[in-house]
Ligand code: ATP
Ligand code: MG
């Protein structure tokens, strides 16, 4: 992608009310645009990031048998009354149109349960797991910290359906593994911990996945021995003790909830009278689990985690482009032409070899600004061609997370091979 053709521009002027690092950097880099509190547009580079996150999640959900669907965001009042949540789900956006009342989808148990009920009748039809990656709406009282708490945000919600609790428990463990793979691939596995949280009416615990961060809204108590944590909500009833090893030497930390998993058992299936026939022909409640992840919150979390004073430092699986090829301009028109020619050559060559490249070929921007933008935008690899590199028949390579640059021969084949070794 050529930067000269992108409609977006980086900016230095960010409203002083944006006090979170993810909001500042993503707005400055024109990854996102803010429409109102907690409501954002994803611009070309930002959408690429979000899709990279979604695709990792999607692959891991598919691996554990999740079937992707897409449910409506416009939901009638009646289904929420069936479970008593029209009044009791505190953040529903509700409205009336043509004498009918609706809520914008905030979570989808009320939609997915009667949906699966249309297809599942017998133990032979179970187990099943369906998921979606969809925009959710919640009238959050305090929408803040950029992408961390939106009023309109993306959620991956997976729902599983089982004959009994044992089968649910087995699937629950599969989801735990899938979630661990996701944190691994996002580069946050070592700062993300499974956290015991309140289980609601039906289970002792639910589990959240919490990523350590100073801007996190949650307080958790970390057990080093087990690499798990306990949410402050239940720490009193836990007597400040790790539920796995009884350790009482827990470390208090702030963290961002990036996902959670929950055994719903028959909470929703009972409300909708969703039953199946077992092997003896008896009608039994279908047993359910639900499993959430916030891809847009994750995008904010990654920026909070991976940045320095100059900008974002994207992990390689997440970056919109692995390579930022920056062409510095020169006053001498001949040299300038040569820089452009070599740059375009390399751009084409790398793309033909399977690399996605962002090319800074802008002519109306100073070299200083190009370098600043490159740091701000945060692609993992910066390749630079300038008068100086050209004269040495070389090119400069700098990793965004390293201070020193290195020199490579200006030989497309060699550069590509070097990148393969470094990165693929
Ligand atoms: P929180 O306690 O942070 O409000 P929650 O318990 O309401 O989260 P769920 O309803 O279980 O969260 O949603 C599943 C996932 O969706 C969460 O783990 C989080 O990653 C994400 N999420 C929830 N609310 C928001 C929001 N307002 N903005 C962005 N992501 C969110
Ligand atoms: Mg919430």
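Short-range pairs are left out: with C-alpha atoms under 8 Å and at least six residues apart, the relative contact order of the chain is 16 percent. Cα axis of helix 412-423 to longest principal axis of the chain: angle in degrees, 0 to 90, nearest 10? Approximately 30 degrees, to the nearest ten.
In the chain the Cα-Cα distances spread across 20 Å bins starting at 0 as 23, 48, 24, 4, 0 percent of all pairs. Please state the shape class of the stretch 1-97: rounded when a/c is under 1.5, otherwise prolate if a/b exceeds b/c and oblate if not, all from the C-alpha gyration tensor. Taking the square roots of the gyration eigenvalues as a ≥ b ≥ c, the stretch 1-97 is oblate. Provide the FRET efficiency to the nearest 0.05 for the residue 74-residue 335 pair, computing r from the beta carbons and using R0 = 51 Å. That pair, residue 74 with residue 335, gives E of 0.30. Between 0 and 90 degrees, the angle of helix 333-352 with respect to the longest Cα principal axis of the chain falls at about 40 degrees. The C-alpha atoms of the chain define a longest principal axis, and helix 165-186 lies at about 10 degrees to it. Over the C-alpha atoms of the stretch 226-325, the Rg to Rh ratio, Rh being the Kirkwood estimate, stands at 1.17. Listing 104, 325, 6 from fewest to most neighbouring C-beta atoms within 10 Å gives 6, 104, 325.
Counting neighbouring Cβ atoms within 10 Å and putting the fewest first, the residues 261, 14 line up as 14, 261. Among 22, 99, 413, the residue with the largest mean-square fluctuation in a Gaussian network model of the chain, with springs joining Cα atoms closer than 10 Å, is 99.
Going by the alpha-carbon gyration tensor, a ≥ b ≥ c the square roots of its eigenvalues, is the stretch 326-374 rounded (a/c under 1.5) or, if a/c is not under 1.5, prolate (a/b greater than b/c) versus oblate? Oblate.
Ordering 84, 360, 375 by the number of other Cβ atoms within 10 Å of each residue's own Cβ, fewest first, gives 84, 375, 360. Sort the stretch 134-240 into rounded, prolate or oblate with this rule: let a ≥ b ≥ c be the square roots of the eigenvalues of the Cα gyration tensor; rounded if a/c is under 1.5, and if a/c is not under 1.5, prolate when a/b is larger than b/c, oblate otherwise. It comes out rounded by the Cα gyration axes.
Computed from the coordinates by the stated procedures, all read-outs in this text should not be read as laboratory data. Predicted, not measured: the structure shown is a model, and the values here were computed from it. Reconstructed Cβ throughout: ideal geometry from the backbone, glycine too, with neighbour counts over all protein chains shown.
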